[in-house]
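Visitor: Please find one structure pasted underneath; my questions will follow.
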Amino acid sequence: MDCVLSLSLQQGDLPKLPVPELEKTLQRYLEAVQPILTIKQFERAQELARQLAENEGPELQHHITERQLKTKNWAYDWWMNDMYLNNPLCLPINSNPGGVLPPQKFNTMEDQLDFASKLTTFMLDFKDILDRNELPVEKAASREPGQPFCMAQHSRLMTTYRVPCLPRDYHRDTAHILNDHIIVAYRKHFFTCPIRTEDRRLTTKELFQQFKAIVQSETATNDTPIGILTSQMRPIWADERTKLLVVDTNKSSIEEIETCQFIVCFDDPLPAQYFNVKNAITKSGHWINETGRDETNMLQQMLHGGGSIFNSGNRWFDKTLQFIVSSDGAIGICYEHSPAEGIAVLNLIDEFFTKLKAQEEQGYLENEGEKWSIPPPIKLEWEISLDTKNAITEASMAIDQLIEDVDLLVFRFESYGKNFIKKCKVSPDVFIQLALQLTFYRIRAWIYHDTTTFI
């Protein structure tokens, strides 16, 4: 990445999203659909395009042009509402991506906490970079080389929360709030974990001690896991959240979660016999040898937690970033998709593992805490009514049924890789996307894919 301007200056200098001329829009539409339509269907599409150009089209074009004058990106809110916030489906599986990261070797609980503290430090460093407007500006490499990208989605990763609401969800912007804590999920309990003292940020050693205090303080798994409510259909969760907010204790706990920077989930491993692929096609890829868990098993954990008896209640699916650190070394992420595209998250994860490798090569092993006093983590409390208990039971059954309907296989294609695709002068990303879309289209007869907008 290349940085020539500060992030704040670069964002201000970006041009507004333009409004293409109506004639050009219709022309591009016809060019796009022609390859997949029959001659008769294409003639019908041409006729519909002509009718639009002669009737409603000019007025609609005028409204869009007027909107463009008043907003930085005239399409963003419409797209966000249509693609995400209007969708009533539950977030896990339907919307939130899950990702398996390289498994780690944890011989002890301390190893698990050490990894989590380093990951947390890295993310806090990234937040500081954002706050100082020092994030390197990414630029186009192929099409329109040198054109700066909008970097707003990077800033939203730790300052945006998806609030369940009727008639649709909305984003809560917490950038103006002092985000001085993270949330730790452990055995379906939630803890607010301060990351600053009065005058400084906690060190990696101190974060380790915070995490250690949490895992040593709670031995029993929560039998009324409030977090599993976030896995429900959005209107149902919106209604339950409204009921919870009536009680001050619950309101305070929800506020802590909604305003945290991110969540660290300390998980129990999923048993291999539940989600492993029988007679796996390939033995390549990531495995946890001690437990025999394969990548399909681990992805199930990151995608939805494994169900109500495992880790689905150890999540808060509304939160943008949830880092999952399992005691057996399985590592992953579950993130609420609406604030940012996957590339922003993947770039961040890649950079973390690059730095982690460098630390290990330099012999960076520091587990002991500092000697001075630091603010302790606090377990979030809840006042749960009988109605809420029933709602938790219903949410548990709903997520279990949804998981039962998931047909998932992590498949590694080994015939050739990205180098061969590049030799064919094709982008590997484009190649895979087209393969996926062609497959889906042949099955479902329709496709969807968003795109980057270039000026």
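The values are calculated or read from the model by the stated rules, or taken from the named source; none is laboratory data. What you see is a predicted model; the values in this text were computed from it and never measured. Note: ideal-geometry Cβ built from the backbone for every residue, glycine included; neighbour counts use all protein chains shown.
Visitor: Consider segment 100-117. How many of its residues are out of contact with any Gly (no Cβ under 8 Å at 6 or more places or on another chain), within 28 Å of ILE399 (Cβ to Cβ) and not in a helix (DSSP H, G or I)?
Guide: Number satisfying all stated conditions: 1.
Visitor: Going by the conditions given, is LYS379 of a type in the set (Lys, Arg), surrounded by 13 or more Cβ atoms within 10 Å (Cβ to Cβ) and at pLDDT below 90?
Guide: Working: of a type in the set (Lys, Arg): yes; surrounded by 13 or more Cβ atoms within 10 Å (Cβ to Cβ): yes; at pLDDT below 90: no.
It is false that LYS379 is of a type in the set (Lys, Arg), surrounded by 13 or more Cβ atoms within 10 Å (Cβ to Cβ) and at pLDDT below 90.
Visitor: Let me ask something additional. Does LEU14 count as of a type outside the set (Asp, Glu), within 30 Å of the chain's Cα centre (by Cα), exposed (fewer than 13 other Cβ atoms within 10 Å of the Cβ) and modelled with pLDDT under 90? Full working, then the answer.
Guide: Working: of a type outside the set (Asp, Glu): yes; within 30 Å of the chain's Cα centre (by Cα): yes; exposed (fewer than 13 other Cβ atoms within 10 Å of the Cβ): no; modelled with pLDDT under 90: yes.
Criteria not met by LEU14.
Visitor: For segment 358-366, does any single residue satisfy the condition of being of a type in the set (Asp, Glu) and at pLDDT 85 or above? Full working, then the answer.
Guide: First, the residues of segment 358-366 that are of a type in the set (Asp, Glu): 360-361, 366.
Then keep just the ones that are at pLDDT 85 or above; that gives none.
No, there is no match, as no residue in segment 358-366 is of a type in the set (Asp, Glu) and at pLDDT 85 or above.
Visitor: Note down all Cβ pairs under 6 Å where the first residue falls in segment 297-314 and is in the same structural domain as ILE333 (by TED's automatic domain parsing) and within 13 Å of ASN96 (Cα to Cα), the second is assigned to a loop (DSSP other than H, G, I, E, B) and of a type outside the set (Gly, Ala, Ser), and they're at least six residues apart or on different chains.
Guide: Going by the 6 Å Cβ cut-off, the qualifying pairs are LEU299/VAL410; GLN301/LEU270; HIS304/ILE93; GLY305/ASN311; GLY305/ARG315.
Visitor: Report, by residue number, each residue of segment 327-344 that is farther than 17 Å from GLN300 by Cα and hydroxyl-bearing (Ser, Thr, Tyr).
Guide: Residue satisfying the conditions is SER338 alone.
Visitor: GLU144 versus (1) out of contact with any Leu (no Cβ under 6 Å at 6 or more places or on another chain); (2) touching a residue at least 12 places away in the same chain (Cβ under 8 Å); (3) within 28 Å of ILE214 (Cα to Cα): which is the lone unmet condition?
Guide: Result: GLU144 fails condition (3) only.
Visitor: Just a yes or no: is a residue in segment 118-134 among the hydrophobic types (A, V, I, L, M, F, W, C), in contact (Cβ under 8 Å) with a residue 12 or more places away in the chain, touching a helix residue (DSSP H, G or I) at 6+ places or on another chain (Cβ under 9 Å) and not in a helix (DSSP H, G or I)? Reasoning before the result, please.
Guide: Here is the first cut: in segment 118-134, the ones among the hydrophobic types (A, V, I, L, M, F, W, C) are 119, 122-124, 126, 129-130.
Within this subset, residues satisfying the condition of being in contact (Cβ under 8 Å) with a residue 12 or more places away in the chain are 119, 122-124, 126, 130.
Applying the additional criterion that residues be touching a helix residue (DSSP H, G or I) at 6+ places or on another chain (Cβ under 9 Å) yields 119, 122-124, 126, 130.
Of the ones still in play, those that are also not in a helix (DSSP H, G or I) are none.
Checked segment 118-134: no residue is among the hydrophobic types (A, V, I, L, M, F, W, C), in contact (Cβ under 8 Å) with a residue 12 or more places away in the chain, touching a helix residue (DSSP H, G or I) at 6+ places or on another chain (Cβ under 9 Å) and not in a helix (DSSP H, G or I).
Visitor: When only residues in segment 89-134 that are among the basic types (Lys, Arg) and closer than 26 Å to LEU178 by Cα count, which is modelled with the highest pLDDT?
Guide: Of segment 89-134, the ones among the basic types (Lys, Arg) are 105, 118, 127, 132.
In the following step, the residues that additionally are closer than 26 Å to LEU178 by Cα were identified as 118, 127, 132.
On the way: LYS118: 96, LYS127: 91, ARG132: 87.
So the residue we want is LYS118.
Visitor: Moving on to the next point. Go through (1) over 15 Å from TRP382 (Cβ atoms); (2) assigned to a helix (DSSP H, G or I) for LEU178 and report which single condition fails.
Guide: (2)
Visitor: Would you mind listing the helices (runs of 4 or more DSSP H) fully within segment 201-262 where at least 2 residues are farther than 13 Å from PHE190 by Cβ and touching a Gly at 6+ places or on another chain (Cβ under 8 Å)?
Guide: Numbers: elements: 204-217, 234-245, 248-258.
Result: 204-217.
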